[in-house]
1. For Ala273, project a label point 7 Å along Cα to C-beta. Then give me every residue of the range 356-385 with its amide nitrogen under 17 Å of that point.
2. So, in Å, what gap is there between the alpha-carbon centers of the range 265-283 and the range 334-379?
3. Taking the Cα atoms only, what angle lies between the long axis of helix 2-27 and the longest principal axis of the chain, rounded to 10 degrees?
4. Using the Cα centre as the reference, give the magnitude of the dipole from point charges on the C-beta atoms of the range 2-380 (Lys, Arg: +1; Asp, Glu: -1; all else neutral), rounded to the nearest 20 debye.
5. Relative to the longest principal axis of the chain, what angle (0 to 90°, nearest 10) does the C-alpha long axis of helix 89-116 take?
6. Which value in nm describes the separation of the simple spin-label points at Val299 and Leu287, placed 7 Å from the Cα toward the beta carbon?
7. So what is the calculated 222 nm ellipticity per residue for the chain, using -39500 (n - 2.57) for each DSSP H run with n of 4 or more, over all residues, to the nearest 500 deg cm²/dmol?
8. Which of Arg34, Arg379, Arg126 has the fewest other C-beta atoms within 10 Å, and how do the rest follow up to the most?
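What follows is calculated from the coordinates using simple rules that are stated; it is not laboratory data. Owing to the predicted nature of the structure, the values given are computational and were not obtained by experimental measurement. Every residue, glycine as well, gets a Cβ built from its backbone with ideal geometry; the counts of neighbours run over all protein chains shown.
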Amino acid sequence: MLVTSLFFLWGLAYGLLDVLNKHFQESLNITKTRSTLLQAAYFGAYFLVAYPAAMFMNKYGYKKGIIAGLLLYAIGAFLFYPAAQQSSFNFFLLSLFILASGLACLETAANPYVTVLGEPETSAFRLNLSQCFNGVGSFIGPIIAANLFFGSNNEKGNLDSVQFVYIVIGMVVLLVAGLFLKTSLPEIKEQTLVSDIAQDTKPLLKHSHFINSVIAQFFYVAAQVGVAALFINYCTEAGAGIDTAKASYLLSISMLVFTAGRFAGTALMRKIAPNKLLMVYSLINILLCISVVWMKGWVSVYSLMIIFFFESIMFPTIFALGVKDLGHHTKKGSSFIIMSIVGGALVPYVMGMLSEHSTANAYIVPLICFVVVAWFGWRGYKIKQ
């Protein structure tokens, strides 16, 4: 339960991120393309910090890795206060980078830890269940942001609400860190969980399903972040009469749809193989992206919102299938899969440049990304004996 609470905390941070894009466009007078540097700072931290975090945990264990991540998370959140005082977008990028460095530690620890806390056969189910609470955090984040960042009492250019939100988050994170200090966490010997001892002795880069999962995760996170980063801009330009505040609420509803998809997908995994569900969901999202690019009005907005439902199981399922049978390589392998989250730093910037001409055209990019994920669910996940 305590480890699962971490999934909620980084979901909350991510839920706030996409609304910050639009808020900073208005408050700091920056372009859509420059605002996507928030995603670059956030997911770039994952790329740079995940591997050192894995090496740290290999030496000191999961518990110390989690506590280090929580402390970095809190420091980054508290730095939002001086950043807002100076109205400095660059300072916000630094604060977000430090915060996301903490999240990289947490994800590198918590994702594999949940997969090894039980039978290998049910690892994808277990990780999807914990990730459901990540969805809850992602849903609550835009609600908080819509009320405090774009509420009627918040003047354009006022960053006081950003200061308040992140100070509260920093205090909550420190409280959770205190709970972890008081709690004993069992260390798991991952090499005892492989289906065949030969898998444990095989070099990490010889595990083809792991390499494929890194590629698939790069493109999935690129799609997820890109879909959400320009969501508000897309809705306000779709010709459906949607203003910024309403678009923020629609984003929050989409996160709720995402969370519902997590719970529904977790239940479906009792009956359907995770890789098959992943492939079917990816194919559906390809069709929905086509609607987003070429349709207008509420039809396209609803298509965009439904994409969140079918995204829901992708990250944990790719992750669980990727670290399966890695044995003593599990921590290191998980760090590479977390590093592939850098797709969320690179691709939204490309979408931002495309969106300067037309936000709808930018959604061709996630369409291509879902093709790669569908391939992984079809063939890429297979473990070579």
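1. Residues 374-385 qualify, since their backbone N sits under 17 Å from the label point.
2. 21 Å
3. 30 degrees
4. 560 debye
5. Tilt of helix 89-116: around 30 degrees.
6. 1.5 nm
7. That calculation yields -25500 deg cm²/dmol at 222 nm.
8. So the ranking, lowest neighbour count to highest, is Arg379, Arg34, Arg126.
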